[in-house]
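Down below is the structure, laid out as structure tokens.
The values are calculated or read from the model by the stated rules, or taken from the named source; none is laboratory data. This is a predicted model, so every value here is computed, not measured. Every residue, glycine among them, receives a Cβ derived from its backbone with ideal geometry; neighbour counts consider all protein chains shown. Only protein heavy atoms, including side chains, enter the accessible area calculation; ligands, DNA and RNA are left aside. Shrake-Rupley method; radii C 1.70, N 1.55, O 1.52, S 1.80 Å.
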Amino acid sequence: MLWGLAAGFSRLPSGLREESNDLDLYYRTAEALLRGEVPYRDFFIEYPPGSLPVFVPPALLTDGRFAYITAFATEMALALLGALVLVALAARRLYGPRGWPVPAAAFALGAVLLYPVAVTRYDAAVALALAAAVLGAALGGRWLHLAYGALGFGTAAKLVPALAVPPLVLARREGALRGIAVFSTVAGLFVIPALLLGGGRFLESLAYHAQRGLQVESTAASVLLFLGGAREVTFAYGAFEVRGGWAGEALALTTPLTAALLGVTALAAWRARRGGPLGAGGFARYAAAFVVAFMLGSKVLSPQYVIWLLPLVPLAAGGLTGGTLCAVLLAACWATTQVFPVHYQDLLSGASPGPELLLLRNALLAALWALLLALPQEAPAKEAAG
């Protein structure tokens with residue numbers, strides 16, 4: 001996996017590496033912090049405060065933007081390596097000594113397929129937090145504190161891991177209140193100082209995302225582009241958005257659509273819980289379902305979001321069910337890279353096969369969500385033995 005990520009990073013064009021807007025923002029944020037500036041108060045940053053500890057280490061070890069980018073990519077590759085190890089350990093715990101190769105291979109191959117964003121975005125740190133959460137759930141007992149704490153950090157870094165908290169409560173009811181306290185404490189260690197020091201500017205960072213339009217890679221935009229229901233693609237808020245035609249109506253539908261998808265997922269998880277505790281495998285399964293539901297309904301669906309699924313979907317089930325889920329996930333990873341960056345200009349101009357590939361990628365995510373809710377749950381080896 002590390003060899004594949006290094007090879008992919010080395011052949012990225014300068015526009016995705018040295019000239020990347022995201023990497024430039026990470027670098028400028030880290031340099032500002034090292035100069036003693038206070039985030040949000042002294043300079044604006046669109047990311048949650050848990051991202052800051054990820055941005056700083058490469059700046060401590062390097063001098064200059066190019067060296068920073070290389071060090072940051074190394075940091076994210078190591079984060080993915082750590083997540084891979086945790087996924088393998090969790091799979092061995094859940095599905096027995098022979099049950100870990102498929103989940104581990106799916107994680108590694110998925111990361112390599114996503115090479116344009118795997119080490120050039122900080123979502124690898126979120127994947128590491130989610131992997132730690134699944135392992136903590138698999139070990140149970142006091143290790144549940146690790147699971148809740150990891151989700152607390154992940155939430156402080158990217159918000160979305162908060163969606164994994166309800167499945168964790170349903171998976172392991174013992175110590176749930178204490179676990180939520182751990183989650184809140186860890187997240188608060190990042191959020192409260194940002195709120196106290198950043199004040200209104202911290203709230204502006206949250207409002208920034210609320211003001212964004214319909215991103216070109218979102219599910220709603222993929223349908224509009226395929227049907228010719230959008231008039232133009234423009235660059236705003238650091239991403240390309242579709243405008244004109246039915247874009248306004250589609251944007252208005254994203255919030256109720258997200259709520260509906262999350263509601264259906266919550267109902268499915270609750271019904272599954274009625275048959276007994278979900279267990280760690282059930283936690284991974286429904287955490288993945290919640291995350292995919294959010295991705296499908298959201299007005300923003302950046303390619304790096306797929307990284308969040310790498311530590312969850314491969315652990316969602318064992319046997320044939322697990323293999324099917326891994327296959328659909330890997331197909332979605334391949335399609336994601338075909339959209340960005342391979343055929344991204346085709347997508348922006350509306351030329352084939354850009355819109356078709358985007359619709360295929362989002363259809364694969366929708367199929368993955370449906371399979372996570374519909375496929376039978378195969379009992380993990382350890383839990384079945386108990």
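General remarks:
- Selection of helices (runs of 4 or more DSSP H) fully inside the range 14-121 by the criterion of at least 3 residues being open to solvent by 30 Å² or more (accessible area, probe 1.4 Å) and without any contact (Cβ under 8 Å) to a residue 24 or more places away in the chain returns 52-61, 65-95.
- Residue 318 satisfies every condition listed in (1) touching a Phe, Trp or Tyr at 6+ places or on another chain (Cβ under 8 Å); (2) modelled with pLDDT of 95 or more except (2).
- Selection of the range 299-352 for residues being farther than 25 Å from residue 14 by Cβ, of a type outside the set (A, V, I, L, M) and without any contact (Cβ under 8 Å) to a residue 12 or more places away in the chain yields only 352.
- Of the residues examined, residue 188 is not one that is touching a strand residue (DSSP E or B) at 6+ places or on another chain (Cβ under 8 Å) and more than 30 Å from residue 337 (Cα to Cα).
- Condition broken by residue 239, with the remaining ones in (1) open to solvent by 30 Å² or more (accessible area, probe 1.4 Å); (2) farther than 19 Å from residue 363 by Cα satisfied: (1)
- Unique match (being farther than 24 Å from residue 137 by Cα and in contact with an Asp or Glu (Cβ under 8 Å, 6 or more places away or on another chain)) among 358, 330, 348, 364: 358
- Total residues in the range 240-286, condition β-branched (Val, Ile, Thr) and in contact with a strand residue (DSSP E or B) (Cβ under 9 Å, 6 or more places away or on another chain): 2
- Residues that are among the β-branched types (Val, Ile, Thr) and outside any loop (DSSP other than H, G, I, E, B) within the range 202-232 comprise 219, 223, listed in sequence order.
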